[in-house]
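Let me begin by presenting the structure, written as C-alpha coordinates, before commenting on it.
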Amino acid sequence: MSPVNAMERSYSPIKEMLRRGVFKPGARLEANRLANELGVSMTPVRDVLHQLAGERLVEARIGNGFHVPRLSEGALRDLYEWNAALMTSATRSIDIEVLRAFESPDIPASDRFAAFVAHIAASTSNSEIGIALCNASDRLHPFRVVEAEIFADVDDELASLLIHGKENADAIRRFHVRRIRVSAELLRLRERPRI
(Lines give C-alpha, C1' and ligand atoms only; values in the text may rest on other atoms or scores of the structure.)
Protein backbone atom coordinates (compact mmCIF):
# COMPACT_ATOMS: atom_id res chain seq x y z
CA MET A 1 0.00 0.00 0.00
CA SER A 2 1.36 3.43 -0.89
CA PRO A 3 2.19 5.81 2.00
CA VAL A 4 -0.52 8.22 0.82
CA ASN A 5 -3.17 5.46 0.84
CA ALA A 6 -2.03 4.27 4.27
CA MET A 7 -2.23 7.81 5.61
CA GLU A 8 -5.69 8.33 4.11
CA ARG A 9 -6.82 5.00 5.54
CA SER A 10 -5.47 5.94 8.98
CA TYR A 11 -6.70 9.53 9.24
CA SER A 12 -10.47 8.99 9.48
CA PRO A 13 -10.46 6.16 12.04
CA ILE A 14 -7.98 7.92 14.33
CA LYS A 15 -9.85 11.20 14.09
CA GLU A 16 -13.15 9.45 14.79
CA MET A 17 -11.69 7.74 17.88
CA LEU A 18 -10.60 11.16 19.15
CA ARG A 19 -13.98 12.72 18.39
CA ARG A 20 -15.83 9.88 20.15
CA GLY A 21 -13.66 10.31 23.24
CA VAL A 22 -12.27 6.77 23.07
CA PHE A 23 -9.06 7.97 24.71
CA LYS A 24 -8.98 9.68 28.08
CA PRO A 25 -7.72 13.31 28.08
CA GLY A 26 -3.96 13.36 28.61
CA ALA A 27 -3.56 9.78 27.35
CA ARG A 28 -0.49 9.07 25.29
CA LEU A 29 -1.29 7.99 21.74
CA GLU A 30 1.05 5.15 20.84
CA ALA A 31 1.68 5.26 17.09
CA ASN A 32 2.82 1.63 17.12
CA ARG A 33 -0.38 0.38 18.78
CA LEU A 34 -2.59 2.48 16.49
CA ALA A 35 -0.69 1.21 13.44
CA ASN A 36 -1.22 -2.40 14.53
CA GLU A 37 -4.94 -1.81 15.09
CA LEU A 38 -5.30 -0.22 11.65
CA GLY A 39 -3.07 -2.69 9.83
CA VAL A 40 -0.64 -0.06 8.53
CA SER A 41 2.96 0.86 9.27
CA MET A 42 3.86 3.35 11.96
CA THR A 43 5.00 6.09 9.54
CA PRO A 44 1.57 7.03 8.14
CA VAL A 45 0.10 6.91 11.66
CA ARG A 46 2.79 9.29 12.88
CA ASP A 47 2.05 11.56 9.90
CA VAL A 48 -1.66 11.49 10.78
CA LEU A 49 -0.89 12.34 14.42
CA HIS A 50 1.18 15.33 13.25
CA GLN A 51 -1.72 16.44 11.03
CA LEU A 52 -4.18 16.07 13.92
CA ALA A 53 -1.80 18.07 16.12
CA GLY A 54 -2.08 20.86 13.54
CA GLU A 55 -5.85 20.60 13.92
CA ARG A 56 -5.42 20.76 17.72
CA LEU A 57 -7.15 17.40 18.18
CA VAL A 58 -3.83 15.97 19.42
CA GLU A 59 -0.94 17.51 21.34
CA ALA A 60 2.60 16.85 20.12
CA ARG A 61 5.00 17.00 23.06
CA ILE A 62 8.67 17.32 22.24
CA GLY A 63 10.43 14.14 23.29
CA ASN A 64 7.23 12.73 24.79
CA GLY A 65 5.11 11.76 21.78
CA PHE A 66 1.47 12.52 21.10
CA HIS A 67 -1.29 12.97 23.68
CA VAL A 68 -5.01 13.61 23.81
CA PRO A 69 -5.48 17.26 24.82
CA ARG A 70 -6.66 17.90 28.37
CA LEU A 71 -8.58 21.17 28.40
CA SER A 72 -8.87 23.35 31.46
CA GLU A 73 -12.29 24.65 32.42
CA GLY A 74 -11.33 28.09 31.10
CA ALA A 75 -10.11 26.64 27.80
CA LEU A 76 -13.36 24.69 27.35
CA ARG A 77 -15.39 27.82 28.03
CA ASP A 78 -13.29 29.74 25.50
CA LEU A 79 -13.85 27.00 22.93
CA TYR A 80 -17.63 27.18 23.46
CA GLU A 81 -17.52 30.98 23.10
CA TRP A 82 -15.49 30.65 19.89
CA ASN A 83 -17.89 28.05 18.50
CA ALA A 84 -20.89 30.27 19.31
CA ALA A 85 -19.31 33.24 17.53
CA LEU A 86 -18.46 31.14 14.47
CA MET A 87 -21.93 29.57 14.28
CA THR A 88 -23.62 32.95 14.63
CA SER A 89 -21.50 34.41 11.87
CA ALA A 90 -21.86 31.39 9.58
CA THR A 91 -25.66 31.12 9.86
CA ARG A 92 -26.16 34.66 8.57
CA SER A 93 -25.55 33.55 4.99
CA ILE A 94 -27.13 30.10 4.69
CA ASP A 95 -30.48 28.67 3.70
CA ILE A 96 -31.71 27.40 7.04
CA GLU A 97 -34.50 25.34 5.41
CA VAL A 98 -31.95 22.77 4.25
CA LEU A 99 -31.05 22.16 7.88
CA ARG A 100 -34.41 20.53 8.60
CA ALA A 101 -32.83 17.23 7.49
CA PHE A 102 -31.00 17.08 10.82
CA GLU A 103 -34.15 16.43 12.84
CA SER A 104 -33.96 12.60 12.63
CA PRO A 105 -34.21 11.13 16.16
CA ASP A 106 -32.71 7.82 14.95
CA ILE A 107 -29.21 9.33 14.95
CA PRO A 108 -27.51 10.30 18.24
CA ALA A 109 -27.86 14.02 18.97
CA SER A 110 -24.07 14.47 19.06
CA ASP A 111 -23.79 13.14 15.50
CA ARG A 112 -26.77 15.14 14.24
CA PHE A 113 -25.32 18.29 15.75
CA ALA A 114 -21.94 17.57 14.13
CA ALA A 115 -23.64 17.06 10.74
CA PHE A 116 -25.68 20.24 11.31
CA VAL A 117 -22.49 22.22 12.01
CA ALA A 118 -20.67 20.64 9.05
CA HIS A 119 -23.53 21.68 6.77
CA ILE A 120 -23.49 25.22 8.15
CA ALA A 121 -19.71 25.35 7.63
CA ALA A 122 -20.00 24.09 4.05
CA SER A 123 -22.82 26.52 3.26
CA THR A 124 -21.39 29.73 4.66
CA SER A 125 -20.16 32.32 2.19
CA ASN A 126 -16.90 32.72 4.17
CA SER A 127 -14.72 29.64 3.74
CA GLU A 128 -12.39 30.64 6.60
CA ILE A 129 -15.31 30.72 9.03
CA GLY A 130 -16.39 27.33 7.70
CA ILE A 131 -12.96 25.78 8.27
CA ALA A 132 -12.67 27.25 11.77
CA LEU A 133 -16.21 26.10 12.62
CA CYS A 134 -15.50 22.51 11.55
CA ASN A 135 -12.33 22.48 13.65
CA ALA A 136 -14.04 23.88 16.74
CA SER A 137 -16.87 21.38 16.28
CA ASP A 138 -14.43 18.46 16.07
CA ARG A 139 -12.69 19.63 19.24
CA LEU A 140 -16.03 19.93 21.08
CA HIS A 141 -17.43 16.61 19.86
CA PRO A 142 -16.10 14.49 22.77
CA PHE A 143 -18.04 16.80 25.09
CA ARG A 144 -21.19 16.51 22.96
CA VAL A 145 -20.99 12.75 23.35
CA VAL A 146 -21.32 13.08 27.15
CA GLU A 147 -23.70 16.05 27.40
CA ALA A 148 -26.80 13.85 27.21
CA GLU A 149 -25.78 12.62 30.68
CA ILE A 150 -26.35 16.17 31.95
CA PHE A 151 -29.12 17.45 29.68
CA ALA A 152 -32.22 15.37 29.03
CA ASP A 153 -33.38 17.67 26.23
CA VAL A 154 -30.51 17.78 23.72
CA ASP A 155 -32.90 16.73 20.94
CA ASP A 156 -35.20 19.64 21.79
CA GLU A 157 -32.26 22.04 21.80
CA LEU A 158 -31.20 20.97 18.33
CA ALA A 159 -34.79 21.34 17.13
CA SER A 160 -34.85 24.84 18.62
CA LEU A 161 -31.73 25.79 16.69
CA LEU A 162 -33.34 24.53 13.49
CA ILE A 163 -36.64 26.33 14.12
CA HIS A 164 -35.12 29.75 14.70
CA GLY A 165 -33.66 29.97 11.20
CA LYS A 166 -31.49 32.94 10.35
CA GLU A 167 -32.63 34.77 13.47
CA ASN A 168 -31.09 32.10 15.67
CA ALA A 169 -28.25 34.11 17.25
CA ASP A 170 -30.07 34.06 20.59
CA ALA A 171 -30.74 30.31 20.35
CA ILE A 172 -27.08 29.68 19.50
CA ARG A 173 -25.99 31.82 22.43
CA ARG A 174 -28.36 30.04 24.87
CA PHE A 175 -27.16 26.66 23.61
CA HIS A 176 -23.52 27.54 24.30
CA VAL A 177 -24.06 29.43 27.58
CA ARG A 178 -25.86 26.39 28.94
CA ARG A 179 -22.77 24.29 28.28
CA ILE A 180 -20.38 26.92 29.59
CA ARG A 181 -22.27 26.84 32.90
CA VAL A 182 -21.66 23.08 33.27
CA SER A 183 -18.17 22.99 31.78
CA ALA A 184 -16.66 21.53 34.98
CA GLU A 185 -19.17 18.66 34.87
CA LEU A 186 -18.54 18.09 31.15
CA LEU A 187 -14.80 17.90 31.84
CA ARG A 188 -15.41 15.38 34.63
CA LEU A 189 -17.57 13.19 32.39
CA ARG A 190 -15.05 13.48 29.56
CA GLU A 191 -12.33 12.02 31.81
CA ARG A 192 -13.97 8.63 31.45
CA PRO A 193 -12.75 6.72 28.41
CA ARG A 194 -15.45 5.78 25.88
CA ILE A 195 -15.57 2.65 23.78
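Scanning the range 104-147 for residues that are without any contact (Cβ under 8 Å) to a residue 12 or more places away in the chain and small (Gly, Ala, Ser) yields a total of 3.
Only residues that are part of a helix (DSSP H, G or I) and over 24 Å from VAL22 (Cβ atoms) were counted across the range 122-153, and they come to 8.
Among the conditions (1) under 25 Å from GLU191 (Cβ atoms); (2) within 14 Å of the chain's Cα centre (by Cα), the only one that ALA148 does not satisfy is (2). Selection of first residues in the range 52-69 that are aromatic (Phe, Trp, Tyr) and of second residues that are part of a loop (DSSP other than H, G, I, E, B), restricted to Cβ pairs under 9 Å at least 6 apart or on distinct chains, gives the following pairs, ordered by first then second residue: PHE66/GLU30; PHE66/VAL58.
Kindly indicate the residue of the range 70-90 that is among the acidic types (Asp, Glu) and in contact (Cβ under 8 Å) with a residue 24 or more places away in the chain and also nearest to ASN168 (Cα to Cα) among those meeting that condition. Once the filter is applied, the top-ranked residue is GLU81.
Which of the residues spanning the range 24-56 are outside any helix (DSSP H, G or I), in contact with a strand residue (DSSP E or B) (Cβ under 8 Å, 6 or more places away or on another chain) and surrounded by 18 or more Cβ atoms within 10 Å (Cβ to Cβ)?
Quick first cut of the range 24-56, residues outside any helix (DSSP H, G or I) only: 24-30, 39-41, 55-56.
Keeping just the survivors that are in contact with a strand residue (DSSP E or B) (Cβ under 8 Å, 6 or more places away or on another chain) gives 26-30.
Across the range 24-56, the qualifying residue is only LEU29.
Can you tell me which of SER72, SER93, SER41 is among the polar types (S, T, N, Q) and modelled with pLDDT under 90? Please lay out each step first, then the result.
Values: SER72 fails: modelled with pLDDT under 90; SER41 fails: modelled with pLDDT under 90.
Unique residue meeting the criteria: SER93.
Restricting attention to the range 154-164, the residues that are under 22 Å from ARG20 (Cβ atoms) and not aliphatic (A, V, I, L, M) add up to 2.
Taking the criterion of being touching a Lys or Arg at 6+ places or on another chain (Cβ under 9 Å) and surrounded by fewer than 18 Cβ atoms within 10 Å (Cβ to Cβ), the residues of the range 78-92 that qualify are THR88, ARG92.
The values are calculated or read from the model by the stated rules, or taken from the named source; none is laboratory data. What you are looking at is a predicted structure, and each value in this text was computed from that prediction instead of being measured. Here Cβ is always computed from backbone atoms with ideal geometry, including for glycine, and neighbour counts include all displayed protein chains.
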